[in-house]
Structures are given as C-alpha cells and as structure tokens.
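What follows is a set of notes on a single structure, which appears directly below.
All of the numbers you see were taken from the coordinates with simple rules; none came from a lab. Model, not experiment: these values are computed from the prediction. Glycine gets a Cβ as well: all are built from the backbone with ideal geometry, and neighbour counts include every protein chain shown.
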Amino acid sequence: MLLEQGDHILAGADIYGGTYRLLKKVLNRCGIEVTLAPSTDLAAFAAAFRPRTRLVWIESPGNPLMSITDIAACAELAHRHGALLSVDSTFATPVLTRPLELGADIVMHSATKYLGGHSDVLGGALVVGDPELLKRLHFIQNATGGVMGPLESFLCSRGLKTLELRVHEQSRTAALLAEFLAGHPRVRRVLYPGLASHPGHLIAARQMQGGFGAMMSFEVDGDLAAAKRVAEGTRLFQLAVSLGAVESLIEQPALMSHASYDPADRRAHGIADGLIRLSVGLEAPEDLREDLEQALARV
Ligand SMILES: Cc1ncc(COP(=O)(O)O)c(C=O)c1O
C-alpha cells in the first residue's frame, strides 16, 4: 500500500505461498507489477530490476526451500535502484536474524508463528527504523484497519517472553533431525541452512546468530503419493501448514502451503512433489526422530 499504480515489486522466488497469491493474484489488479527472481543469485536478481521497482521483497530462510539470501547485499542492491528492501523474517525470528542492522528498511513477522508461539493467535508486525517510513505505514494502518485486538495483543506479549528460549531449543532439535534425515536412505535431500551441504550455509552462518532455525524441508525418494503417505503418517508431527509453535508440524508444500503457486511456477522454483516441510517444536528430539523413522517406512 506504499506503492502506486505502475510501480514494480521485485520478490525473491522462494517465498510463502500466500505472499505469492497476494502479489501475483491481488496486487496485479491494482496495476502493480510483480516479478519473482532468485534472490540467492545476486546477478540474476539485479537483472530483474526495472525503472519503476520501488520495493524488493525477500525471505531468508525462504519458504519452503530454506534458501538463504544475503540480506546486506540485497539492501545495497535495492538502495542503489532507489527501492526499499522488505524482509519477511518469520522463519528466522528476531532471535536469529536482525535485518534492520543489515540494511533492510522493513521487517515483517507473522506473529501467528514464533512470536505468538502457541498456535492460538493470528497477527503480524512490521518493524522499521526510519520514523518517516513509520509515519507513512501508520497512516495506512489507521486508514485500513489492520489493528490487533486486546486478547491477541496479550497472547503475543506473553509469547514474546519465552521466544528466545523456544527458538534456541527448537533450533537445537531441528539441527539433530536434519542430521538424522540427511543420513536416511529414503530421503533424497535435506534443506536446512545449518547443514554444511546447504548452498547458503556460509551466508547463514554470518547472518544468523545462535542457530539456524527450526524450519526444514526434505525430499523423499518417491512421488507425490509417497510424500503424502509420510506427511499423513506421523503421530507427533501434526499435519498443518502453520509453523513456529511449541508443537511440531508437518506439511506437503505442493498440496498445501504452496498450492496457490501456478504449477509451472512451482516446478520452476524447485518445489518438488516429494517435498515435505517440518516445523520443529519442543517435544523430545528422540521422540520426533522415532516418529519420522516410522513415517518414512511408508515411502
Ligand atoms: C514466511 C511466512 N510469512 C507470512 C505468513 C503469513 O502469516 P499469517 O498466517 O499470520 O497471515 C506465513 C504463514 O504461513 C509464512 O510462512
């Protein structure tokens, strides 16, 4: 809503399916142009700028491929082109990454996820450093009514008190599960920025502090139906698209969180039919490992 008809948004390719839906299927009706390009490949990303690019939108780690984008480099690129850099930092949480310190102009969090932390609140936050930008956004918020109710505010405020503890513990468990999955014969590949094999590992190690997060994806050695059997076969991991809460969740992006992607875009962006996404909660790591082990027997 900061933008005007004819303006252009350049978004990373690895983004939440609902953001894709908003950008490509709603904002386009207001005459806002949108391009998706890989923000992990700075040369390709730079080539996608247009004269009217006013906003750059990225996620790191990205959803659902856990791609890592160099936030500081993107900030420099956006500013060189006269655009604002906005980072959806929901996966990274404020505990592990602070995009404003890396040059971003706007940080967005879905408070529904880690900030609330208990799957019992819907909310969101925009964080900015520039008081002028804050004024412009506050004007829009006041005019359009995106205001949190008292109970949701209370739940978020209570969740924030344990945010750091939860995120560190969940990240530790996620790292153990990523190692386990990487060595499993029925798993084709594991996407977790904490693994040295992850293409963005070095940037993540520089940009994230105290852990690599509790989100990960992996591809089973099978088709859509095999992945569906795994996602539906866990007992502790609940089948749901949300994330970031104390309970562990599992989902299949091609059928669930990223079903809004046009199939061609989904394939072009590497979201395979056999991909499964995990949000690792606070259960005992060995229980979660056993749960994945028994579900993977269904591949
Ligand atoms: C990275 C990311 N950003 C934003 C959202 C949207 O959050 P909400 O459900 O609070 O609208 C999600 C939700 O799944 C998400 O995964």
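Rg/Rh for region 258-299 stands at 1.13; both radii use Cα atoms, and Rh follows the Kirkwood definition. Given R0 = 25 Å, the distance between the Cβ atoms of Ser242 and Arg289 translates into a calculated FRET efficiency of 0.65.
So for the chain, averaging the separation of alpha carbon pairs under 8 Å that are six or more residues apart and normalising by length, what relative contact order in percent results?
Details: 592 pairs, mean separation 50.6, N = 299.
Taking the mean separation of contacting Cα pairs over the length of the chain, I get 17 percent.
Rounded if a/c is under 1.5, else prolate if a/b is larger than b/c, else oblate: which is region 157-237, with a ≥ b ≥ c the root eigenvalues of its Cα gyration tensor? Oblate, because a/c is 1.5 or more while a/b does not exceed b/c.
Report the full-extension gain for the segment Thr144 to Arg80: residue separation times 0.36 nm, less the Cα-Cα distance, to one decimal in nm. Numbers along the way, then the final one.
Working: separation 64, 0.36 × 64 = 23.04 nm, distance 3.09 nm.
Roughly 19.9 nm would be gained on extension.
Considering only alpha-carbon pairs that sit under 8 angstrom and 6 or more positions apart, the relative contact order computed for region 1-91 is 32 percent.
What's the local net charge at Ala268, with K and R +1, D and E -1, over the other residues with C-beta under 15 Å away?
Working: positive: Lys24, Arg266, Arg267; negative: Asp14, Asp41, Asp262, Asp265, Asp273.
Counting the neighbours of Ala268, the net charge comes to -2.
Given 25 °C and 0.890 mPa s, how large is the Stokes-Einstein diffusion coefficient of region 111-161 in µm²/s, with Rh as the Kirkwood radius over Cα pairs? Before the final figure, lay out the partial values.
Details: Rh = 11.9 Å.
For these conditions, the coefficient is 207 µm²/s.
With each label modelled as a point 7 angstrom along the Cα→C-beta vector, the Ala47-Arg172 pair spans 4.5 nm. Summed over all non-identical Cα pairs, the Kirkwood treatment of region 156-299 gives a radius of 15.5 Å.
Please compute the contact order of region 72-213 in relative form: average sequence separation of alpha-carbon pairs under 8 Å and at least six residues apart, divided by the residue count, as a percent.
On the way: 166 pairs, mean separation 31.2, N = 142.
The normalised contact order for region 72-213 reaches 22 percent.
Shape analysis of the chain yields a ratio of the Cα radius of gyration to the Kirkwood radius, Rg/Rh, of 0.96.
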